[in-house]
1. Under 6 Å between Cβ atoms, at least 6 apart or on separate chains: pull out the pairs that start in region 170-197 with a residue that is touching a residue at least 24 places away in the same chain (Cβ under 8 Å) and end on any residue that is among the charged types (D, E, K, R) and surrounded by fewer than 21 Cβ atoms within 10 Å (Cβ to Cβ).
2. Checking SER142 against (1) hydroxyl-bearing (Ser, Thr, Tyr); (2) in a loop (DSSP other than H, G, I, E, B); (3) open to solvent by 60 Å² or more (accessible area, probe 1.4 Å): exactly one of these is not met. Which one?
3. Residues that are over 30 Å from GLY126 (Cβ atoms) and under 18 Å from the mean Cα position of the chain (by Cα): find the strands (runs of 3 or more DSSP E) completely inside region 150-228 holding 3 or more of those.
4. Quick one: would you say ARG283 is at pLDDT below 80, open to solvent by less than 20 Å² (accessible area, probe 1.4 Å) and in a loop (DSSP other than H, G, I, E, B)?
5. Show the residue pairs that are 6+ apart or on different chains and have beta-carbon atoms under 8 Å apart, the first residue being within region 211-222 and among the aromatic types (Phe, Trp, Tyr), the second being surrounded by 18 or more Cβ atoms within 10 Å (Cβ to Cβ) and not in a strand (DSSP E or B).
6. What about ILE225, is it surrounded by fewer than 17 Cβ atoms within 10 Å (Cβ to Cβ) and of a type outside the set (D, E, K, R)?
7. State all residues of region 313-331 that are open to solvent by less than 90 Å² (accessible area, probe 1.4 Å) and either aromatic (Phe, Trp, Tyr) or closer than 25 Å to SER366 by Cα (or both); if no residue qualifies, say none.
8. Can you run down the residue pairs with Cβ atoms below 9 Å, 6 or more apart or on separate chains, where the first is in region 322-334 and more than 16 Å from ALA310 (Cβ to Cβ) and the partner is of a type in the set (D, E, K, R) and open to solvent by 100 Å² or more (accessible area, probe 1.4 Å)?
Amino acid sequence: METLSIIIAPSASIVESFLQRCAHCCLLRWSLCDLHFDVTKFAGPSVSAYVYTCNEAKRMMEADENTLINGTKACVVLPTAVKFPYNDDPYTWYLYNTYIVDTDNDFEHDLTGIIESNGMCVEGVGPWRIRSDDVEQFKCSSNKYKYAEIVFLFTSDDPNIVQVGTAPSTVKLGKGTHVFVAPEGSLLIEKKSIDEGKETTLQWYSGAGENEGEERFALMPEKFIAGSSTIIIGPVTTLIIEDDATIELTLTSFQDKQFISANPGFTFTLMTTGRADDLQSSRPSILVSTAYGINDDSIAYDSLSITGTARMDESVSTVLTVQCDNKGVKKTNDITETGDVVINEDCSSLDITYKGPLAGEDVDRSSEVIYLTIASNSDPVHNVVTEAPGPVTSRKVTKF
């Protein structure tokens, strides 16, 4: 896959850094835009769609109040746990003191109105900009919320937006394009069922839009297999189903840690890219944790196979750690350089961690791309059960 085409010099100011990365937004700042960027691509009928997390929106407002974003719809998605009347800091400030402005008619939409509208979107002509009464109060964390996330999505498409919460929810989806928004930052997809006699390949993307020019980046396609799972790190994921089939998925959004039941023969894939948003490197956490003994205490350990590729980006200094614990004997693989990943270990539990040293507000988009497939043997090694000797009985012997 190609790398990011826009390089940000370390010495660039916050204005230049943001606008060089976000070249599609530089409609009023010609002197700071990449000279190789062709703004005429927005004149045609193509679909544009752009995703901004809380920190990205804050940086954009700090950089230049005239930064504009194309699209005919503006959408705002909150974590499902945040409910009306939105009286939790900092969501109170987000929703009552932040606006999306349709610059064609200079009309301001407050975020509460957008969120309460049908579909979490409002229509307009665009281009749009995000404005706050006081950017310093637009905080992306609080005492209550370690990550007070909010997702902005600008599009000229008519997306089927699926808001994903921390409580598992089951959906049925058919042929078409579906956009999953998981504000917490990561998405667990459990594949439940597909129409009898049907099969399909799931085309996964990070971001939205129609192509890379509209900030939608391809992830690893995979055949639908009921019982398998997929984890995608990133707040916005697009799924395209090209076949005439209905599938059933259970979706869960998570922040810091996700536990996966580890039955013998389980398999899941882990995917992420930093090209579509900045959350990929700003969630220092355990992404996956499994333990066999929780499901069946007769299992001693299982043979795990982890294969895939990792393209690492030195600018964000993240480390992908795979730790296998075999009854107290730990084997750790730290992946910091680009290359193939091949790990085969006997594990009673497994932790996969993705950490970086930067604070969330300091992380920008990166060129990192990671695909992993984790599979366990369907025939694990069981604990040896020693039967205790039976009770000793005595009998009276009669002498003659």
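1. LYS172/GLU248; LYS175/ASP244; LYS192/GLU248; SER193/GLU248
2. (3)
3. On the way: elements: 151-155, 160-163, 169-173, 176-181, 186-194, 201-207, 216-218.
Output list reads 186-194.
4. Numbers: at pLDDT below 80: yes; open to solvent by less than 20 Å² (accessible area, probe 1.4 Å): yes; in a loop (DSSP other than H, G, I, E, B): yes.
So ARG283 fits the description; yes.
5. PHE217/ARG275; PHE217/ALA276
6. Numbers: surrounded by fewer than 17 Cβ atoms within 10 Å (Cβ to Cβ): yes; of a type outside the set (D, E, K, R): yes.
Answer is yes for this residue.
7. Hits for region 313-331 are ASP313, SER315, VAL316, SER317, THR318, VAL319, LEU320, THR321, VAL322, GLN323.
8. Partner pairs satisfying both residue conditions: CYS324/LYS330; CYS324/LYS331; ASP325/LYS331.
The values are calculated or read from the model by the stated rules, or taken from the named source; none is laboratory data. Model, not experiment: these values are computed from the prediction. Glycine gets a Cβ as well: all are built from the backbone with ideal geometry, and neighbour counts include every protein chain shown. Protein only, heavy atoms only, side chains kept; ligands, DNA and RNA dropped before computing areas. Shrake-Rupley method; radii C 1.70, N 1.55, O 1.52, S 1.80 Å.
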